[in-house]
Amino acid sequence: MYIDSHCHLSFPELRAQLPEILQSMRDARVERALCICTTLEEFDRVHELALLHEQLWATVGVHPDNEGVQEPTVDELVELSRRARVVGIGETGLDYYRLGERTLADMEWQRERFRRHIHAARRTDLPLVIHTRNASSDTLAILQEEGGFDPHDATGLPLARGVFHCFTESVEVARAALDLGFFISFSGILTFKNAADLREVARFVPLDRCLIETDSPYLAPVPYRGKTNTPTLVPYVAQHLAEIKGLALEAVAAATRANTLALFRGMAAA
Ligand SMILES: [Zn+2]
Ligand SMILES: [Zn+2]
């Protein structure tokens, strides 16, 4: 059995073929999937998937790439996260890939948004789904500052916990994330020819800290690269992770499943 820890089934191209996707997931032994929220405007659509389908769960959060959307307060994130079958906060984080003419100083709004998500996660003791691109040092620094890791933290709140999703960073960044107690999630990128560095990271991350995901509709694994991705293809990610680590596929499937349920505790209920 497999779990896809990160997908976007609420996106129109996937939502339109949901019955077929749910059936093909069953055929491929993909028993559960976590539907990730990227704007507050989208939340009801993501949440509805989790309410209507027993194999789906939801998160709440605003993706760092989304500008000109409703800006979430900590209270709003906390309140929405308490709805049934919402099991995580995100996706959130930092993305400096599309800076354009802007400087890093101009991106304070992203860092502020990320801080609010961390506060909401600590207030609810829910895991963070972290997206980071071209921004790993700021992402780690803000997690350190706001996550309760400072010995002088006086909030009395639990430490931030969560996953760095669709990991594409270095071994050093992976080590820093692991040191903070976070999990690392690998996507179909692991199967791409030019991803030798990432396979090195996958060799490094202990199996008991690995998650797998599709990030569908994006990043379909080889041999489907370039096609629309769905949770049905997550076994290909597991297969590559197993080959990289020299382990049996079943061992990787079982471990990543157990890790996902340990992190997103609400998914273990059913
Ligand atoms: Zn992402
Ligand atoms: Zn995503």
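Tabulated values for the structure
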quantity	calculated
Residue-averaged 222 nm ellipticity for the chain, from DSSP H runs of 4+ at -39500 (n - 2.57), nearest 500	-11500 deg cm²/dmol
Residue list for region 104-138, given a label point 7 angstrom along the Cα-to-Cβ vector of GLU71 and an amide N cut-off under 20 Å	104-121
Length added when fully stretched, ALA262-ASP153, from 0.36 nm per residue minus Cα-Cα	36.7 nm
Rounded to whole Hz, the Karplus (6.51, -1.76, 1.60) HN-Hα couplings of region 21-28, x for glycine and proline	5, 5, 5, 5, 4, 4, 4, 8
Prolate/oblate/rounded call for the chain, Cα gyration tensor, a/c under 1.5 rounded	rounded
Mean-position separation - Cα centroids, region 226-251 and region 123-175, in angstrom	26
Separation of the LEU52 and ASP125 label points, Cα + 7 Å toward Cβ, nm	3.3
In order through region 51-63: 3J(HN,Hα) via Karplus (6.51 cos²θ - 1.76 cosθ + 1.60), integer Hz, x for Gly, Pro	6, 8, 10, 5, 8, 10, 10, 9, 10, 9, x, 10, 4
Sites ALA141 and GLU20 - FRET efficiency at Förster radius 41 Å, r taken between beta-carbons, to 0.05	0.40
Mean Cβ neighbour count within 10 Å, used as a protection proxy, ranking 119-129, 96-106 highest first	119-129, 96-106
Highest-first arrangement of 185-198, 31-44, where packing means the average Cβ count within 10 Å	31-44, 185-198
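Computed from the coordinates by the stated procedures, all read-outs in this text should not be read as laboratory data. For clarity, every value in this text was computed on a predicted model and none was experimentally measured. Glycine gets a Cβ as well: all are built from the backbone with ideal geometry, and neighbour counts include every protein chain shown.
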